[in-house]
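Okay, so here's the structure we're looking at.
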Amino acid sequence: MTGSAVARALGLGEQQGRSLDDSVLSALADRHTLLVLDNCEHLREGAAPFIERLLAHCPRVTVLATSRARLMVPFEQVYAVPPLSLGDDAATADAIALFLDRAAALGWPVEPEQLDQVTEVCQRLDGLALPIELAAARLPTLGLDGLTASLADPLRLLVGGRRADDRHRSVRAMLDWSQALLTNSDRCVLRRVSVFVAPFTAADAAEVAGYPPLEPNSVADGLARLAEQSLLTAAPSAGGTRYRALETIRQYETEQLLETGELPEVLARHLHCPIRSDTSEISVVSSRLGRYALYAASPGRSNVKYIAIKGFTNRSSAQLRPRIGTFPC
């Protein structure tokens, strides 16, 4: 499929006794060419062998491939694309510049005194380009006050108009598409670790997510694959590698936990996962799912504990009830 797409771009047709891949190799053998392949993650099994063969036979060709995951071909050089910068200075933050640009394009310029609100919106969207574009598109109908208030439920709010690629029509569609590329076990890991609000370690994840159908010792491999797919971020620290899910992913996966009936069990296991930091902060979080929780967050660790949970009616609520209001911070 990848070779066919490149052949079409080069204007090459079918030739008797020769595959399209061979035709591409022949056409590019002596050409100094930059070949751009976009969105390779869903075609990795076909794209990677084609690229490897192309580079071996066409020494003057350079391939620039965008992919949510590495292609794992020889001599691959990876350039990670982080979220847009937020920074302390609104005048130089890329995320804010994108929001302002899209707002101006809609005939809704933002006043200088409103930059703090724009900064808050971009921070709550983790500096991600698609959510910021979709949020800016709602500015004429909601205004900044309404937009900020509506971001309590970004999956409902961030829906755009018609697009050539349906997965870019909304944040939910983008996440649905991402989910479809995962194995069942990796989807399960991602669902279960979504209860961690702050960065967590592989050991933390194994305590919370490592129960049937998952084995505790399989969770770390799942985390690595999810980080490879850019659904988790991984960063080294003095205490080891720490993982984190962006807020929009956390909300989406929490909904999945509710649909699968796993949420009470995961919350109960998370409650009993010990906090090992001496400092903590308290925050109240609510969601449209009707569950209200008070969190104790210790900045150094996986650190987020559900102190009080309202709305559970199955047996797991009995596990949680004795701890309500008494969890040590």
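The values are calculated or read from the model by the stated rules, or taken from the named source; none is laboratory data. Treat the numbers as computed from the prediction; the structure is a model and nothing was measured. Please note: Cβ atoms are built from the backbone with ideal geometry, for glycine as well, and neighbour counts cover all protein chains shown. The area values use the complete protein model at the heavy-atom level, side chains included, leaving out ligands, DNA and RNA. Shrake-Rupley method; radii C 1.70, N 1.55, O 1.52, S 1.80 Å.
General remarks:
- Residue ID - nearest to Pro154 (Cα to Cα), chosen from residues in region 95-137 that are modelled with pLDDT under 90 and among the charged types (D, E, K, R): Arg124
- Residue check for Pro49: out of contact with any strand residue (DSSP E or B) (no Cβ under 7 Å at 6 or more places or on another chain) and either among the basic types (Lys, Arg) or modelled with pLDDT of 90 or more (or both): yes
- Considered as a group, the residues in region 15-45 that are closer than 30 Å to Gln229 by Cα, acidic (Asp, Glu) and open to solvent by 30 Å² or more (accessible area, probe 1.4 Å) include one that is nearest to the chain's Cα centre (by Cα), and that residue is Asp38.
- Among the candidates Leu231, Leu175, Leu155, Leu147, the residue that is over 25 Å from Glu259 (Cβ atoms), at pLDDT below 90 and crowded, with 16+ Cβ neighbours inside 10 Å is uniquely Leu147.
- Options Leu139, Leu55: the member that is closer than 30 Å to Ser4 by Cα, in contact with a Phe, Trp or Tyr (Cβ under 9 Å, 6 or more places away or on another chain) and crowded, with 16+ Cβ neighbours inside 10 Å: Leu55
- Hits in region 244-265 (condition: open to solvent by less than 30 Å² (accessible area, probe 1.4 Å) and closer than 17 Å to Val81 by Cα): Ala245, Leu246
- Those residues of region 112-123 which are of a type outside the set (Ser, Thr, Tyr) and open to solvent by less than 90 Å² (accessible area, probe 1.4 Å), in sequence order: Gln114, Leu115, Gln117, Val118, Glu120, Val121, Cys122
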